[in-house]
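Read the structure below first, then the notes.
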């Protein structure tokens, strides 16, 4: 008997309508609809699309919890063995819905799921750990390439076959590490990789580095004597006792502390929470990391108009790029709201 | 709102994308030097902060390291 698959698609791919029908409520239909016909063919008789659940992208985005519940109920009625969603290509709301449906199905029904998206779809970052997301083109022109890859991944899961590496199977890395015995030790693999790099030959890293974005430089301060300058640090300077318990490494938060009436930092008032460097010198004189004494002096001398009396601090020690980015965005917004002119960031 | 990054490991600052960079003294004391007298050390700190302020007043089009 063939495995039972339910397919989730949006109003557009169901042929209901475009943006004007994006508030379409969840609905179940028997059998395959739209791209499900090609998917059904690719499943080759070993699995069959027994039902399709359709939901408008805006309805889903505006009523996430409720929509997820309704869709899950409709899916469960078909008693499926697996669920396929999309592919959503570069459609953000659709991708988010596909990812959320797959995640809910995996958690609640405990059956395999597969979806497909373009790698820049916001649904990728949100759900790549929760489901297999096949890497697709950015538009529906990539349908014929995406369908067989998605079909193969769902069949392998249904049959309990081992799933290969992301690049072999065509899905976006889920961040899962699997232990295996390599033929060569790490040192040999590293040298092999290096030699390939020197020769200009293609090689695959075993540990991809995070990708950092770039921002255009902001215009300079026009008149320093009229400027309010703020201090921000990743050196972990905090009020003595670290009241908010900022972690010594892999910080999950930043601190925001007043310097009203503070002329200089001292070993009695402040210390560092950073666990990645010898804290002796910073604890002895925290101005060595956060130069409050000099900022106050420059304020008195009229070199700057004002030293912003709140400083922002976190520990830059194994802190994830995602957290750092979030801290940065929040701190920047707060400084802008406080009409700060420019910022000095210090790092250890 | 321009930003200047005062840090010791300039290559990291360049990698993560800072646009105005002022090299500092050492990892555990970027704006200080415990081998100097307190007065000398404060002068050094003031010198670095002034450099940072100068960087903030400088128009840059790309990542720029402000050496002496």
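The values are calculated or read from the model by the stated rules, or taken from the named source; none is laboratory data. Note that the coordinates shown come from a computational prediction; the quantities given were computed from them, not determined experimentally. Here the Cβ positions follow ideal geometry from the backbone for every residue, glycine too, while neighbour counts run over all protein chains shown.
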If you go through the stretch A:156-181, how many residues are touching a helix residue (DSSP H, G or I) at 6+ places or on another chain (Cβ under 7 Å) and either assigned to a loop (DSSP other than H, G, I, E, B) or farther than 14 Å from residue A:129 by Cβ (or both)? 5
When the stretch A:209-223 is checked residue by residue, the ones that are more than 7 Å from chain B (Cβ to nearest Cβ) and under 22 Å from the mean Cα position of the chain (by Cα) are A:209, A:210, A:211
Residue among A:82, A:42, A:91 that alone is closer than 25 Å to residue A:148 by Cα, more than 28 Å from the chain's Cα centre (by Cα), assigned by TED's automatic domain parsing to the domain that holds residue A:110 and touching a residue at least 24 places away in the same chain (Cβ under 8 Å): A:42
Out of the stretch A:280-302, which residues are assigned to a loop (DSSP other than H, G, I, E, B) and either within 7 Å of chain B (Cβ to nearest Cβ) or free of Cβ contacts under 8 Å to residues at least 40 places away in the same chain (or both)? A:285, A:289, A:291
Taking the stated definitions as given, is residue A:106 surrounded by fewer than 20 Cβ atoms within 10 Å (Cβ to Cβ), in contact with a strand residue (DSSP E or B) (Cβ under 6 Å, 6 or more places away or on another chain) and part of a helix (DSSP H, G or I)? yes
Tell me which residues, restricted to the stretch B:1-19, are more than 7 Å from chain A (Cβ to nearest Cβ) and not in a helix (DSSP H, G or I). B:8, B:9, B:18
Index of the failed condition, residue A:268 passing every other in (1) touching a residue at least 24 places away in the same chain (Cβ under 8 Å); (2) in a loop (DSSP other than H, G, I, E, B); (3) within 14 Å of another protein chain (Cβ to nearest Cβ); (4) over 29 Å from the mean Cα position of the chain (by Cα): (3)
With respect to the numbered conditions (1) in contact (Cβ under 8 Å) with a residue 60 or more places away in the chain; (2) within 11 Å of chain B (Cβ to nearest Cβ); (3) closer than 23 Å to residue A:337 by Cβ, which one is the sole condition not fulfilled by residue A:235? (3)
In the stretch A:305-342, which residue that is buried (at least 22 other Cβ atoms within 10 Å of the Cβ) and in contact with a helix residue (DSSP H, G or I) (Cβ under 6 Å, 6 or more places away or on another chain) is nearest to the other protein chains (Cβ to nearest Cβ)? A:342
Within the stretch B:3-23, work out how many residues are surrounded by fewer than 24 Cβ atoms within 10 Å (Cβ to Cβ) and farther than 19 Å from residue A:212 by Cα. 2
Residues in the stretch A:80-103 that are buried (at least 22 other Cβ atoms within 10 Å of the Cβ) and in a loop (DSSP other than H, G, I, E, B) total 5
Being in a loop (DSSP other than H, G, I, E, B), touching a helix residue (DSSP H, G or I) at 6+ places or on another chain (Cβ under 8 Å) and either more than 14 Å from every other protein chain (Cβ to nearest Cβ) or surrounded by 10 or more Cβ atoms within 10 Å (Cβ to Cβ) (or both) is the requirement here; does residue A:247 meet it? no
Give the residues of the stretch B:23-66 that are within 15 Å of residue A:290 (Cβ to Cβ), outside any loop (DSSP other than H, G, I, E, B) and touching a strand residue (DSSP E or B) at 6+ places or on another chain (Cβ under 6 Å), sorted by residue number. B:52
